[in-house]
Amino acid sequence: MKNPNLQAALALKNIFFCLGLIFRYPDETVYTEIRQKLEAFDGFFSEYGEGLPPLPRVSDLQGEYVSLFVNNKGFVPALPYASFHMDQGQLMGRTYFRIRHILEESGFRLDASAPELEDHLSILLESCAALVRIIIEKNGDSSKCQNANAGLLELRSCMEHWVDDFAEKVTLHASMDFYRISSEALKNFIHDLDNIFNQVLGVNQKNSHITEVNR
Amino acid sequence: MIGNKMTRRKFLGISAASAAGVAFAPALTRVVRASEKTNDYSILPKGKREFIASNCDMCVNKCGIICEVVEGKLHKINPNPKNIKSRGMLCAKGNAGAALPYSPDRLKTPLLRTGKRGEGKWKEISWDEAFKLVAKNLADLKEKYQNRSCVAFASTEGFQEEFYYYLVNSFGSMNTVRHTTLCLSSNIQGWSSVFGVFPDADLQHAEYVIMLGSDRAQALITPDSVDFQRFKPKGQKLIVLDPRFTETAAKADRWYPVKPRTDQAFVLALINVIISENLYDHAFVETYTYGFEELKNLVVEYTPEWAQAKCEIPADEIRQIAREFAYHAPRSVIYPGRRSAFYPNEVYIRQTFAILAAICGCWDTIGAVVPKSSVKLNMHNVIFPFFMLSQPRVDKQAVGLVKDVVPDSVACPMVGTGLPVDSCAFLSEKDGSWGSFREAVLQDNPYPVRGFFCFKQNPVQSVPNVQKTLTMFEKMEFICVIEQQMSDTAWYADLVLPHSTYLESWDPVHNLGGIEPIVEFRQPVIKPLFDTKTMFEIAGGIIHEMVKIPSLWDDIEPADFEAFKKDILEGVLDKPIVEYIQHQVLEYPGAFEELLKEGFYTPDGGKARYGSTRNPDFRFKTKTGKIELFNERYKEFGLFPLPKYCEPSALPGPDQYRFLVGRTAWNTHTSTQNNPYLWEIQKENTIWINTAEAKKLGISQGDEVRVKSKVSEQTIKAYVTEKIRPDCVFYVNGWGRQSPWMSQIYKRGASESEILEDVLDTISGSMCMHETFVTITKI
Amino acid sequence: MADKQYAIVLDTKKCLNCKACTVACKFENFVPVGDDTYRIWVTEMPLQGKFPRLHQEYQPSQCQHCENAPCEKVCPTKATFRTREGVVLVDYKKCILCKACMAACPYDARFVSDLHEAVEKCTFCMHRVSEGREPACVETCPTKVRVFGDMNDPASDAARLLSSRQHYQLKPEKNTRPRLFYLA
């Protein structure tokens, strides 16, 4: 397998991390980080969406985040948990355990101080960033990053299953542009990942399948 | 939909720019190397399968459960076959409890309102911030109004409620309001007026059972719902009086669609027959009761013929039932039931039932009604400070205020209009009366109430006349709700604190004894999914912040403040809750281990304790110490001491129907409808209309109809059926929620609390559920 | 010694129509929420009579585990089979989703499972039975309408009920010889 395109791989890692931050509750620290770093992703948002999502005031963004993703009257409009979408509307279904397994296999876990489930969209995206980092560190040597390769593909395939529905719900219920534009870009990006993984990291379904058989 | 496929060049094009060079703050990383810290995912080792005993909390019954947990995930809740109260059953709700912790809609972290109240704009805050905020608001309100009772505390029963009262008593408000006046306080009051206590029915051994307005097949109560069918002995008879053909009516040997509010006439006639035909238990009446002659004089006029004209049950059948009841006594049960008040004379209706049991000696013996048993627990004897700035309850002083909610049309002549005496004197004072409490707060009489706390109660859905509740909320300067889900009440709060589910927490030991004594507790079967806490932890957190604010303690002695910190904080709330639980059962060796293993404990194998009060020297908790057929205390308070018949209000107009309430076996009030496994059973409510009436109104099955009462109107689909009296209509509680988003679950069917008028029972202050009249029109 | 022969005996007169059994089954067997996905059910029988002389019964049911099972006969891949204990099961791996069994079943007891990618139905909770536990629907019932047991063991509650009480089976005209017996 060829070495990853380092520059592109770093960008990919950072895009994952950035999206992870965007879909995480914007407390002061997260909000400040987004505000400072978002512009660097202008190219990404222009290519995959309508351009940079306009960042509102922190209190407005927090209100929007809670009402779209955390709690609302009756039900939460756009739930960011993979299990909710994959396992019949419940949290901690099979998908959740699968994702936890992927992280464990690649030597990762969720920090104990984070009161969140591993299959939360922001964690999935951050996990992708962590897996890309492994691949970069191992210089794309497939014998050393089989688990990371397989995990990345599985996370991609999982998100691809529900990102359309998620983005649609965000668009339907959003009262401002930030999450609408972000989820639209996320959707397009996820659908392109197959291609990006293959070309940037040299990771694809075929070689991942081979590693699984060898194991 | 297919996303736009990008080429490598395009991705590389964008990545070549700035994205690759970004360095994010390392502290923001949450997905970390596993080796960096010890792995602490789960209370259970990987792949392990465990069965953990605890108790259900999907309704009031607290049935025994055995939770099957696989790899830290709750798979299935099974009934505990050994539990002597729930007798090895678990209903639909209890089973569906396994979905509760995994509900994506549950509250996950403390939320602070940032927009207008009810607008739905929130921010997440930490527990530390939340505790500080609560303490500060309490201090501010106390300073502003110089009265600790300016903050009201609402709650409902539950194993953690005692810790809510740690908070209440640490602040020193007298204004607490519990669920009982929306629940069974009138029933408790009526039976207690005779026996001094509220008993249970020994349905397992009874030979003859009369149930009036209790739907035990659907409104499930353990062990009664089990016993009345599972152990039905050969020849046992069940007589059911209900305006609806309920699932219980379907099990009855005889069902009478009694005219609403005339059950009392039926029971008075039974008493008349039993006395006039000399069928009562002479020895029992002689030994244990007080006021038989007065009762005898009262019921002379209440003949079966008189009753037939009232309740539409044939006189000869009333005679026959009276004779059968007396024949099977003491194994005859007039069922006490467990429900809210229906009518303004509800206490007298219940007093009548109790008197029938008393004169037939159907008391405290096998197959009769029997006082509840309990297990003596080791109490935590904490003494809360006496605060100078605590004024008495707002509704205690509000005599006469409630005139408005006891209209002349429903007032009983013998008790006058309005609550003639201290409105909450008759049950525990801390229960209060929701109706009179709300009136007093709305009128600022005798003083303003400006803070509101709510623990697992949902008054916006459960207290009749929603508009009044919302108007009351508008008066509040601070509203804090402690809940598991974003209830309609939480939606109007300023601060919402997420409570852990019953499957994630330790709960203290409580008596649940019926005829057999039993105590239960809870232990966590899974780790909390989110940043939630229990009331024990919340009370501790808030009180710790309160003690940092000197102004909150300036109306007690400094020595009392020191004692408070030592006893309440160090002594109880700072310790692990497990120590609290162990202390409770200290006197019973092995009891704590038994609780861990079985979820319950019973000292003597749970054997029924019959006859403890069947001793001529026993003093009942009544004024005379006897079973009072004539209530001396009522006489003292200027109330009629005997259950004199009270004529029901007539239908206000020819096009009016009496609105009835009721339950299903798969939902608890308003709290479970969005559980997908229960929603699946019933997706919306429908209004029951008698076939002949529907024809008159031109309404067919499934038609949309408008239901209109004095206070609101609702839209709902018609269920045209033979199963209801022509002069009544019915729909079940829990539907017709208002929600900003349309979904499958919300805005379906019609709301009960919106349509109900707020009419009060004249003695217990309970809300009366069957005193609303509606018109029905096809849309 | 003869094999165990499993059966369920039902006393529907005790049924409260509370739906505990149907919810218990869904959790126990990972049956998805949905109106078309169910292994067991409670039928509200038609209301009889006119107000105020009314009568109504409730009838819980599920796969009848027929001794003469039409589903087994029509299955082209032998995915549906009967165990030695008389329990009709589906080998999900062999199921090709042709749905012939669904059409053949006179009791509408089968549905397509997305989870198993196969047709599925009541298994008498054999995974529980093999651990010495009762089927979920039997265990959770408040009034114990269903009694599960071995017909070959005369001491079992099921066998005792069958020998002492009159009983009937559903759709006897189909000659399926169900293992669900309803007490008269």
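The values are calculated or read from the model by the stated rules, or taken from the named source; none is laboratory data. Note that the coordinates shown come from a computational prediction; the quantities given were computed from them, not determined experimentally. We place every Cβ from the backbone using ideal geometry, glycine too, and count neighbours over all the protein chains shown. Just so you know, the surface numbers come from the protein's heavy atoms only, side chains and all, with ligands and any DNA or RNA stripped out. Shrake-Rupley method; radii C 1.70, N 1.55, O 1.52, S 1.80 Å.
Provide Rg and Dmax in Å for region B:656-778, with only Cα atoms included in the calculation.
14.4, 42
Summing +1 for each Lys or Arg and -1 for each Asp or Glu, what net charge is found among the other residues whose Cβ lies under 10 Å from the Cβ of B:Thr222?
Values: positive: B:Lys62, B:Lys85, B:Arg87; negative: B:Asp224, B:Asp227.
That works out to +1.
For the protein assembly as shown, give the share of DSSP beta bridges that are antiparallel, in percent and rounded to the nearest 5; count only bridges with both residues there.
Just about 60 percent of them are antiparallel.
Report, in whole Å, the centroid distance computed from the Cα atoms of region B:60-132 and region B:453-468.
20 Å
What are the ³J(HN,Hα) couplings of region A:59-73, residue after residue, when phi is run through the Karplus curve with 6.51, -1.76, 1.60 and θ = phi - 60°? Round to Hz, x for glycine and proline.
5, 5, 5, 4, x, 5, 4, 4, 6, 7, 10, 10, 9, 8, 6
Within chain B, what's the longest stretch lacking GluC sites (Glu not before Pro) that sit in DSSP loops with no more than 12 other Cβ atoms inside 10 Å?
Of all site-free stretches, the longest is B:302-586.
Rounding to the nearest 20 debye, state how big the charge dipole of chain B is about its Cα centre with +1 on each Lys and Arg Cβ and -1 on each Asp and Glu Cβ.
Computed charge dipole of chain B: roughly 2740 debye.
Under the rule of at least 5 residues apart or a separate chain, name every residue whose amide H is placed under 5 Å from the amide H of B:Ser505.
B:Val525
Just to be sure I understand: if you take the accessible area of chain B alone plus chain A alone and subtract the pair, with a 1.4 Å probe, what total do you get in Å², rounded to 100? Before the final figure, lay out each step's value.
Numbers: alone 31900 and 10840 Å², together 35910 Å².
Buried surface at the B/A interface: approximately 6800 Å².
Using amide H atoms built in the peptide plane, which far-off residues or other-chain residues are under 5 Å from C:Thr80 H to H?
C:Asp91
Within region B:656-778, how many Lys pairs sit with Cα atoms under 25 Å apart, leaving out pairs fewer than 8 places apart on the same chain?
25
Answer with one residue from B:Thr721, B:Leu660, B:Val759: the one whose Cα lies farthest towards the positive end of the charge dipole of region B:656-778, charges on Cβ with Lys, Arg +1 and Asp, Glu -1.
Toward the positive end, the furthest listed residue is B:Thr721.
Sorting A:Arg35, C:Arg82, A:Arg98 by accessible area (1.4 Å probe), largest first, what list results? Numbers along the way, then the final one.
Values: A:Arg35 140, C:Arg82 75, A:Arg98 105 Å².
If we order A:Arg35, C:Arg82, A:Arg98 from most to least accessible, we get A:Arg35, A:Arg98, C:Arg82.
Taking the alpha carbon gyration tensor of the protein assembly as shown, what are the square roots of 5 times its eigenvalues, largest first, to the nearest whole Å?
Largest first, the protein assembly as shown gives 54, 39, 28 Å.
What dipole magnitude, in Debye to the nearest 20, does the protein assembly as shown give about its Cα centre under +1 on Lys/Arg Cβ and -1 on Asp/Glu Cβ?
2720 debye
For the charge dipole of chain A, defined by +1 on Lys and Arg C-beta atoms and -1 on Asp and Glu C-beta atoms about the Cα centroid, which residue among A:Leu52, A:Phe108, A:Ile15 has the Cα displaced farthest towards the positive pole?
The residue sitting most towards the positive pole is A:Phe108.
Quick check: with the 1.4 Å probe, what order do B:Arg87, A:Arg109 take by accessible area, largest first?
Correct descending sequence by accessible area is B:Arg87, A:Arg109.
If a paramagnetic tag sat 7 Å from the Cα of B:Glu294 along the Cα-Cβ line, which residues of region B:636-651 would have the backbone N under 12 Å from that point?
B:636-644
Probe 1.4 Å, all protein chains in place: accessible area of A:Leu10 in Å², nearest 10?
50 Å²
Just flag the trypsin sites (Lys or Arg not before Pro) in region C:33-80 sitting in loop per DSSP whose Cβ has no more than 15 other Cβ atoms within 10 Å.
Those satisfying the criteria are C:Lys78.
Given the pairs A:Lys73/B:Lys123; B:Lys116/B:Lys548; A:Lys73/B:Lys121, which are separated by over 21 angstrom at their Cα positions?
B:Lys116/B:Lys548
Excluding ligands, DNA and RNA, what is the accessible area buried between chains B and C, summed over both sides, using a 1.4 Å probe, to the nearest 100 Å²?
3300 Å²
Using the heavy atoms of the protein chains alone and a 1.4 angstrom probe, what is the accessible area of region B:656-778 per residue in square angstrom? All intermediate terms of the calculation are to be shown ahead of the outcome.
Details: 3950 Å² over 123 residues.
Roughly 32 Å² per residue, with all protein chains present.
Roughly how big is region B:656-778's charge dipole about its Cα centre, with Cβ charges of +1 (Lys, Arg) and -1 (Asp, Glu), in debye to the nearest 20?
340 debye
Mind grabbing the accessible area of B:His510 for me, 1.4 Å probe, Å², rounded to tens?
That residue has around 50 Å² of solvent-accessible surface.
Quick check: pseudo-label points 7 Å beyond the Cα along Cα→Cβ at B:Ala650 and B:Glu277, how many nm apart are they?
3.4 nm
Just how much of B:Val197 is accessible, in Å², when a 1.4 Å probe is used and the result is rounded to the nearest 10?
40 Å²
What is the local net charge at C:Trp41, summed over the other residues whose Cβ is closer than 14 Å to its Cβ (Lys, Arg +1; Asp, Glu -1)?
Values: positive: C:Lys19, C:Lys26, C:Arg39, C:Arg110, C:Lys121, C:Arg146; negative: B:Glu680, C:Asp35, C:Asp36, C:Glu44, C:Asp108.
Residues close to C:Trp41 contribute a combined charge of +1.
Give the long-range amide H neighbours of C:Phe111: residues separated by 5 or more places, or on another chain, with amide H under 5 Å away, using H modelled in the peptide plane at 1.01 Å from N.
Amide H neighbours of C:Phe111: C:Glu120.
Taking +1 at the Cβ of each Lys and Arg and -1 at the Cβ of each Asp and Glu, which of A:Cys158, B:Ala23, B:Val519 sits farthest along the dipole of the protein assembly as shown towards its positive end, judged by Cα position relative to the Cα centre?
A:Cys158
Ignoring ligands, DNA and RNA, what percent of the accessible area of the protein assembly as shown is carbon or sulfur (1.4 Å)?
51 percent
How much length would be gained if the chain were fully extended between B:Lys621 and B:Arg633, taking 0.36 nm per residue of separation minus their Cα-Cα distance, in nm to one decimal?
3.2 nm
Using R₀ = 60 Å, calculate the FRET efficiency as 1/(1 + (r/R₀)^6) where r is the Cβ-Cβ separation of B:Glu562 and B:Glu50; round to 0.05. Show your work: numbers first, answer last.
On the way: r = 45 Å, r/R0 = 0.74.
Given R0 = 60 Å and the Cβ-Cβ separation, E is 0.85.
Might you tell me the accessible area per residue for chain A, computed with a 1.4 Å probe and given in Å²?
That works out to 34 Å² per residue.
Could you list the trypsin sites (Lys or Arg not before Pro) in region B:554-646 that lie in coil according to DSSP, counting only those with at most 12 other Cβ atoms within 10 Å of their Cβ? Provide the component values of the computation, followed by the final result.
Working: sites: B:Lys565, B:Lys566, B:Lys597, B:Lys607, B:Arg609, B:Arg614, B:Arg619, B:Lys621, B:Lys623, B:Lys626, B:Arg633, B:Lys635, B:Lys644; in loops: B:Lys607, B:Arg609, B:Arg614, B:Arg619, B:Lys621, B:Lys623, B:Lys626, B:Lys644.
When the trypsin sites (Lys or Arg not before Pro) of region B:554-646 are filtered for loop state and at most 12 Cβ neighbours within 10 Å, B:Arg619, B:Lys621 remain.
Can you tally the net charge around B:Lys723? Count Lys and Arg as +1, Asp and Glu as -1, for every other residue whose Cβ sits under 13 Å from the Cβ of B:Lys723.
Net charge around B:Lys723: -2.
Can you sort B:Asp554, B:Asp242 by 1.4 Å-probe accessible area, starting with the largest?
The most accessible residue leads, giving B:Asp554, B:Asp242.
Of C:Lys73/C:Lys93; B:Lys142/B:Lys468; C:Lys94/C:Lys121, which ones are farther than 20 Å apart at the Cα?
Over 20 Å apart, Cα to Cα: B:Lys142/B:Lys468.
Using only DSSP helix segments of four residues or longer, with each worth -39500 (n - 2.57), what per-residue ellipticity at 222 nm results for chain C after dividing by its residue count and rounding to 500?
After summing the helix terms and dividing by the residues of chain C, the value is -4500 deg cm²/dmol.
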